[in-house]
Amino acid sequence: MRIDIITVLPELLESPFSHSMMKRAKDRGLLEIVTHNLRDYTPYKQGQVDDYQFGGGAGMVMMPEPLAILIDKLQAERNYNEVIYMTPDGTLFDQKTANGLSLKENLIIICGHYKGIDDRIRQHYVTREISIGDYVLSGGELAAAVVVDAVGRLLPGVLNDETSALFDSFQDGLLAPPVYTRPADFRGWAVPDVLLCGDPKKIDAWRYEQSLQRTKQRRPGLLNDE
Ligand code: ADE
(Lines give C-alpha, C1' and ligand atoms only; values in the text may rest on other atoms or scores of the structure.)
Protein backbone atom coordinates (compact mmCIF):
# COMPACT_ATOMS: atom_id res chain seq x y z
CA MET A 1 0.00 0.00 0.00
CA ARG A 2 1.16 3.51 -0.76
CA ILE A 3 0.03 6.59 1.16
CA ASP A 4 0.88 10.09 -0.06
CA ILE A 5 0.48 12.75 2.61
CA ILE A 6 0.13 16.39 1.67
CA THR A 7 1.29 18.75 4.42
CA VAL A 8 2.84 22.12 5.18
CA LEU A 9 4.72 20.52 8.09
CA PRO A 10 6.47 17.37 6.78
CA GLU A 11 8.79 17.37 9.84
CA LEU A 12 5.79 16.62 12.04
CA LEU A 13 5.26 13.33 10.21
CA GLU A 14 8.81 12.00 10.41
CA SER A 15 8.80 10.40 13.85
CA PRO A 16 5.38 8.70 13.89
CA PHE A 17 6.35 6.45 10.99
CA SER A 18 9.95 5.77 12.01
CA HIS A 19 9.37 3.35 14.88
CA SER A 20 7.73 0.12 15.86
CA MET A 21 5.08 -1.27 13.53
CA MET A 22 5.10 1.53 10.96
CA LYS A 23 8.87 1.14 10.61
CA ARG A 24 8.44 -2.61 10.25
CA ALA A 25 5.70 -2.13 7.65
CA LYS A 26 7.97 0.17 5.65
CA ASP A 27 11.08 -2.01 6.08
CA ARG A 28 9.14 -5.05 4.84
CA GLY A 29 7.97 -3.14 1.77
CA LEU A 30 4.33 -3.47 2.82
CA LEU A 31 3.71 0.24 3.30
CA GLU A 32 5.20 3.19 1.45
CA ILE A 33 4.57 6.59 3.01
CA VAL A 34 5.51 9.61 0.93
CA THR A 35 5.15 13.07 2.43
CA HIS A 36 4.90 16.09 0.16
CA ASN A 37 5.60 19.63 1.27
CA LEU A 38 2.76 21.64 -0.22
CA ARG A 39 4.97 24.73 -0.36
CA ASP A 40 7.03 23.05 -3.09
CA TYR A 41 3.99 23.15 -5.38
CA THR A 42 2.70 26.68 -4.99
CA PRO A 43 2.82 29.05 -7.96
CA TYR A 44 2.94 31.95 -5.48
CA LYS A 45 5.99 33.73 -4.12
CA GLN A 46 7.81 32.66 -0.97
CA GLY A 47 6.00 29.36 -0.72
CA GLN A 48 2.65 30.98 0.01
CA VAL A 49 -0.10 28.37 0.39
CA ASP A 50 -2.80 30.26 2.31
CA ASP A 51 -4.69 33.52 2.01
CA TYR A 52 -7.45 35.57 3.64
CA GLN A 53 -10.95 34.21 3.28
CA PHE A 54 -13.44 35.82 0.93
CA GLY A 55 -16.25 37.47 2.84
CA GLY A 56 -13.93 38.41 5.69
CA GLY A 57 -13.37 36.81 9.05
CA ALA A 58 -10.42 35.71 11.10
CA GLY A 59 -8.15 32.91 9.92
CA MET A 60 -6.43 31.97 6.70
CA VAL A 61 -7.62 29.41 4.16
CA MET A 62 -5.40 27.01 2.22
CA MET A 63 -5.47 28.06 -1.44
CA PRO A 64 -6.76 25.67 -4.11
CA GLU A 65 -3.92 25.91 -6.68
CA PRO A 66 -1.04 24.30 -4.75
CA LEU A 67 -3.31 21.43 -3.70
CA ALA A 68 -4.71 20.94 -7.21
CA ILE A 69 -1.25 21.08 -8.81
CA LEU A 70 0.12 18.44 -6.45
CA ILE A 71 -2.93 16.14 -6.57
CA ASP A 72 -3.03 16.35 -10.39
CA LYS A 73 0.64 15.39 -10.52
CA LEU A 74 0.11 12.41 -8.21
CA GLN A 75 -3.02 11.24 -10.01
CA ALA A 76 -1.18 11.39 -13.34
CA GLU A 77 1.41 8.99 -11.90
CA ARG A 78 -0.93 6.30 -10.53
CA ASN A 79 -4.55 5.61 -9.67
CA TYR A 80 -5.63 6.55 -6.17
CA ASN A 81 -8.52 4.80 -4.45
CA GLU A 82 -9.28 7.77 -2.21
CA VAL A 83 -8.35 11.41 -1.65
CA ILE A 84 -8.86 11.85 2.08
CA TYR A 85 -9.10 15.18 3.85
CA MET A 86 -8.45 15.25 7.60
CA THR A 87 -10.93 17.66 9.16
CA PRO A 88 -12.88 17.95 12.42
CA ASP A 89 -16.14 18.12 10.42
CA GLY A 90 -15.47 14.80 8.68
CA THR A 91 -16.92 11.37 9.45
CA LEU A 92 -15.69 9.96 12.75
CA PHE A 93 -12.84 7.49 12.25
CA ASP A 94 -13.39 3.99 13.63
CA GLN A 95 -12.04 0.45 13.29
CA LYS A 96 -14.45 -0.35 10.46
CA THR A 97 -13.10 2.55 8.42
CA ALA A 98 -9.53 1.46 9.20
CA ASN A 99 -10.33 -2.08 8.06
CA GLY A 100 -11.82 -0.78 4.80
CA LEU A 101 -8.91 1.54 4.06
CA SER A 102 -6.38 -1.24 4.74
CA LEU A 103 -7.71 -3.02 1.64
CA LYS A 104 -6.89 -0.09 -0.68
CA GLU A 105 -3.78 0.22 -2.77
CA ASN A 106 -3.07 3.95 -3.01
CA LEU A 107 -4.33 6.76 -0.79
CA ILE A 108 -3.79 10.51 -0.70
CA ILE A 109 -4.24 12.24 2.65
CA ILE A 110 -4.52 16.03 2.84
CA CYS A 111 -3.62 17.67 6.15
CA GLY A 112 -5.43 20.94 6.67
CA HIS A 113 -4.19 23.98 8.59
CA TYR A 114 -5.52 27.36 9.59
CA LYS A 115 -9.26 27.58 8.79
CA GLY A 116 -8.99 24.59 6.46
CA ILE A 117 -8.78 24.17 2.68
CA ASP A 118 -10.70 26.02 -0.01
CA ASP A 119 -14.04 24.24 -0.35
CA ARG A 120 -13.63 23.73 -4.10
CA ILE A 121 -10.91 21.18 -3.40
CA ARG A 122 -13.32 19.36 -1.10
CA GLN A 123 -15.99 19.40 -3.78
CA HIS A 124 -13.86 18.38 -6.76
CA TYR A 125 -10.99 16.27 -5.43
CA VAL A 126 -11.73 14.90 -1.97
CA THR A 127 -13.54 11.56 -1.85
CA ARG A 128 -13.62 11.08 1.93
CA GLU A 129 -13.43 13.41 4.92
CA ILE A 130 -12.23 11.98 8.22
CA SER A 131 -12.28 13.35 11.77
CA ILE A 132 -10.46 11.49 14.54
CA GLY A 133 -12.65 12.96 17.27
CA ASP A 134 -14.80 15.84 18.39
CA TYR A 135 -11.99 18.25 19.16
CA VAL A 136 -9.93 20.60 17.05
CA LEU A 137 -6.22 19.98 16.47
CA SER A 138 -3.92 22.69 15.18
CA GLY A 139 -3.48 20.77 11.95
CA GLY A 140 -4.36 17.52 10.24
CA GLU A 141 -0.91 15.93 10.60
CA LEU A 142 -1.43 14.22 13.94
CA ALA A 143 -4.84 13.04 12.77
CA ALA A 144 -3.28 11.66 9.57
CA ALA A 145 -0.67 9.85 11.66
CA VAL A 146 -3.46 8.21 13.66
CA VAL A 147 -5.20 7.01 10.50
CA VAL A 148 -1.97 5.75 8.88
CA ASP A 149 -1.01 3.88 12.05
CA ALA A 150 -4.43 2.28 12.48
CA VAL A 151 -4.50 1.25 8.80
CA GLY A 152 -0.83 0.28 8.45
CA ARG A 153 -0.85 -2.20 11.32
CA LEU A 154 -3.67 -4.11 9.63
CA LEU A 155 -1.68 -4.86 6.48
CA PRO A 156 -0.94 -8.58 6.28
CA GLY A 157 2.60 -9.27 7.46
CA VAL A 158 2.94 -6.16 9.65
CA LEU A 159 1.89 -7.71 12.94
CA ASN A 160 4.16 -10.52 14.09
CA ASP A 161 1.26 -12.66 15.22
CA GLU A 162 -1.00 -12.50 12.17
CA THR A 163 -4.07 -13.26 14.17
CA SER A 164 -3.61 -10.70 16.89
CA ALA A 165 -5.38 -7.83 15.10
CA LEU A 166 -8.47 -10.02 15.10
CA PHE A 167 -8.57 -9.79 18.87
CA ASP A 168 -8.11 -6.02 19.11
CA SER A 169 -10.73 -3.96 20.84
CA PHE A 170 -13.53 -3.07 18.36
CA GLN A 171 -12.63 -5.78 15.80
CA ASP A 172 -15.61 -7.85 16.93
CA GLY A 173 -17.55 -4.88 18.21
CA LEU A 174 -16.33 -5.50 21.77
CA LEU A 175 -13.61 -3.97 23.92
CA ALA A 176 -10.59 -6.19 24.54
CA PRO A 177 -10.44 -8.26 27.77
CA PRO A 178 -7.89 -7.46 30.52
CA VAL A 179 -4.39 -8.86 30.04
CA TYR A 180 -1.74 -9.97 32.54
CA THR A 181 1.92 -10.98 32.45
CA ARG A 182 4.56 -12.14 34.97
CA PRO A 183 4.75 -12.19 37.92
CA ALA A 184 1.60 -14.19 38.68
CA ASP A 185 1.54 -12.51 42.09
CA PHE A 186 2.53 -8.86 42.22
CA ARG A 187 2.37 -7.18 45.64
CA GLY A 188 -0.27 -9.72 46.63
CA TRP A 189 -2.40 -8.89 43.53
CA ALA A 190 -2.93 -12.26 41.88
CA VAL A 191 -3.60 -12.97 38.21
CA PRO A 192 -7.08 -14.56 37.74
CA ASP A 193 -6.74 -18.32 38.32
CA VAL A 194 -8.44 -19.21 35.05
CA LEU A 195 -5.54 -17.74 33.03
CA LEU A 196 -3.18 -20.20 34.70
CA CYS A 197 -5.40 -23.28 34.31
CA GLY A 198 -4.05 -24.24 30.86
CA ASP A 199 -7.48 -24.98 29.37
CA PRO A 200 -7.83 -22.83 26.21
CA LYS A 201 -11.62 -23.28 26.08
CA LYS A 202 -12.06 -22.03 29.63
CA ILE A 203 -9.69 -19.13 28.97
CA ASP A 204 -11.51 -18.13 25.77
CA ALA A 205 -14.86 -18.24 27.56
CA TRP A 206 -13.49 -16.10 30.41
CA ARG A 207 -12.00 -13.57 27.98
CA TYR A 208 -15.24 -13.31 26.04
CA GLU A 209 -17.22 -12.77 29.25
CA GLN A 210 -14.74 -10.07 30.38
CA SER A 211 -14.98 -8.35 26.97
CA LEU A 212 -18.74 -8.35 27.22
CA GLN A 213 -18.70 -6.94 30.78
CA ARG A 214 -16.20 -4.23 29.88
CA THR A 215 -18.17 -3.22 26.83
CA LYS A 216 -21.44 -3.12 28.81
CA GLN A 217 -19.84 -0.97 31.50
CA ARG A 218 -17.71 1.36 29.41
CA ARG A 219 -19.21 1.53 25.92
CA PRO A 220 -22.77 0.14 25.99
CA GLY A 221 -23.45 1.89 22.70
CA LEU A 222 -21.16 -0.58 20.92
CA LEU A 223 -23.48 -3.44 21.84
CA ASN A 224 -26.42 -1.66 20.21
CA ASP A 225 -24.25 -0.81 17.18
CA GLU A 226 -24.58 2.92 17.88
N1 ADE B 1 -7.79 18.59 11.93
C2 ADE B 1 -8.01 19.34 13.02
N3 ADE B 1 -8.73 18.68 13.94
C4 ADE B 1 -8.98 17.44 13.41
C5 ADE B 1 -9.68 16.31 13.87
N6 ADE B 1 -10.29 16.27 15.05
N7 ADE B 1 -9.73 15.23 13.07
C8 ADE B 1 -9.14 15.26 11.84
N9 ADE B 1 -8.46 16.31 11.36
C10 ADE B 1 -8.39 17.40 12.13
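The table for this structure:
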read-out	value
J(HN,Hα) series, the range 76-82, from Karplus relation 6.51 cos²θ - 1.76 cosθ + 1.60, nearest Hz, glycine and proline x	6, 8, 7, 7, 10, 6, 8
Estimated [θ] at 222 nm from DSSP helical runs (n ≥ 4, -39500 (n - 2.57)) normalised by residues in the chain, nearest 500	-9000 deg cm²/dmol
Protein accessible area in the range 158-226, 1.4 Å probe - carbon and sulfur %	53
Nearest-ten-degree value, helix 141-152 long axis tilted from longest Cα axis of the chain	50
SER138 accessible area, 1.4 Å probe, all protein chains in place, Å² to nearest 10	110
Mean Cβ neighbour count within 10 Å, used as a protection proxy, ranking 177-187, 103-113 highest first	103-113, 177-187
The range 140-200 versus the range 1-46: alpha-carbon centroid distance in Å	27
Cα shape, the chain, gyration tensor, a/c 1.5 rule	prolate
Whether the range 62-147 is rounded, prolate or oblate, judged on the alpha carbon gyration tensor where a/c under 1.5 counts as rounded	oblate
Residue-normalised accessible area of the range 1-111, expressed per residue, 1.4 Å probe, Å²	52
Carbon and sulfur %, accessible surface of the range 73-156 computed with the full protein complex present, 1.4 Å	48
Percent antiparallel among DSSP beta bridges (both partners in the range 2-124, rounded to 5)	15
The chain - share of DSSP beta bridges that are antiparallel (%, nearest 5)	20
Ranked packing of 196-202, 58-64, most packed first, by mean Cβ within 10 Å	58-64, 196-202
Sites LEU103 and LEU223, calculated FRET efficiency, Cβ-Cβ separation with R0 45 Å, nearest 0.05	0.95
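The values are calculated or read from the model by the stated rules, or taken from the named source; none is laboratory data. Worth saying up front: this structure is predicted, and the values here are computed from it rather than measured. Every residue, glycine as well, gets a Cβ built from its backbone with ideal geometry; the counts of neighbours run over all protein chains shown. Ligands, DNA and RNA are stripped out before the accessible areas are found, and what is left, the full protein with its side chains, is counted by its heavy atoms. Shrake-Rupley method; radii C 1.70, N 1.55, O 1.52, S 1.80 Å.
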